[in-house]
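What follows is calculated from the coordinates using simple rules that are stated; it is not laboratory data. Keep in mind it's a predicted model, so treat the numbers as computed, not measured. Note that each Cβ is placed from the backbone with ideal geometry, even for glycine, and that neighbours are counted across all protein chains shown.
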Amino acid sequence: MILTSAAFPHQGEIPAVHTCQGRDTSPPLAWSELPAGTQSLVLIVDDPDAPDPAAPKMTWVHWVLYDIPPTATGLAEGVTTLPAGTREGVNDWKRTGYGGPCPPIGRHRYFHKLYALDKLLGDLGRADKAAVERAMKGHVLAEAQWVGTYQKR
C-alpha cells in the first residue's frame with residue numbers, strides 16, 4: 001500500500017498553507033495498491049513531538065477519519081466533502097476535521113498514517129484516536145505512512 005502527498009515530499013517541510021500560519025487546510029493525499037479484502041480505510045494524522053521535540057511528552061492528534069471506502073483513491077487539498085460513508089473522529093482540539101501543524105517550539109514531525117482494514121468499524125460516536133485504534137485492532141491488513149515536518153517562523 002502506498003500513501004503520498006503532492007504538497008510535500010516524504011520527510012519534507014509541510015507548506016504553511018496547511019498550518020495554523022496559513023489557511024490551515026488539509027494537504028492533498030493519494031493512495032494506491034490496497035490489499036485484497038480491504039473493506040475500509042483509516043487515516044490518522046498525529047505529531048509525536050509535542051510539545052517540544054527535544055523533550056516530547058505526548059502525541060498530538062490532528063485528524064482522525066475512519067470507514068473511508070476502499071474505492072476512494074485519496075483526499076483533495078482542503079477537502080470539505082469526504083468520500084461517502086467516511087466517518088470523522090475527534091482530534092486533540094476535541095473537534096472533528098483537520099487541524100494543521102502549529103508547533104509551540106522546534107521542528108515537529110507529522111505522521112499521516114493510512115490503514116487498510118478487513119471490516120467497517122461502524123458508528124463509534126465521538127471517537128478519538130485511541131477508540132478508533134481499539135476498534136481496528138486485529139483487522140489491519142496493511143499500513144502506509146507519509147511524514148512531513150514543520151517549524152513556525
Restricting to bridges with both residues inside the chain, how much of the DSSP beta-bridge set is antiparallel, in percent to the nearest 5? 95 percent
Give me the percent relative contact order of the range 1-61, please, defined on Cα pairs under 8 angstrom at least 6 residues apart. 26 percent
Which lysines, on any chain, are close to Lys137 with Cα under 19 Å apart, when same-chain ones fewer than 8 places away are left out? Lys113, Lys119, Lys129
Neighbour-count ranking for Val140, Val61 (other C-beta within 10 angstrom, fewest to most) reads Val140, Val61
Subtract the Cα-Cα distance of Leu82 and Ile2 from 0.36 nm times their separation in residues, and report this length gain in nm to one decimal. 26.8 nm
FRET efficiency, Thr73 to Thr96 (Cβ-Cβ, R0 25 Å, nearest 0.05): 0.65
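Using the C-alpha atoms of the range 1-67, what convex hull volume per residue, in cubic angstrom, is computed? Walk me through the intermediate numbers first.
Values: hull volume 7.7 nm³, N = 67.
Value for the range 1-67: 114 Å³ per residue.
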For the range 59-122, what are the per-bin percents of Cα-Cα distances with bins 10 Å wide, up to the bin holding the maximum? 18, 49, 27, 6
In whole angstrom, how far apart do the alpha carbon centroids of the range 93-134 and the range 1-25 sit? 16 Å
Pseudo-spin-label distance Ala55 to Val17, built 7 Å along Cα→Cβ, given in nm, is 3.8 nm
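Take each of the peptides 13-20, 75-82, average the number of other beta-carbon atoms within 10 Å over its residues, and list them starting from the highest. Before the final figure, lay out each step's value.
Working: 13-20: 18.0, 75-82: 14.5.
Ranked from most to least packed, the peptides come out as 13-20, 75-82.
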Match the structure shown to one of the listed values (i) 0.99; (ii) 2.20; (iii) 1.36 of Cα Rg over 2.2 N^0.38 Å, computed from it, and give that label. (i)
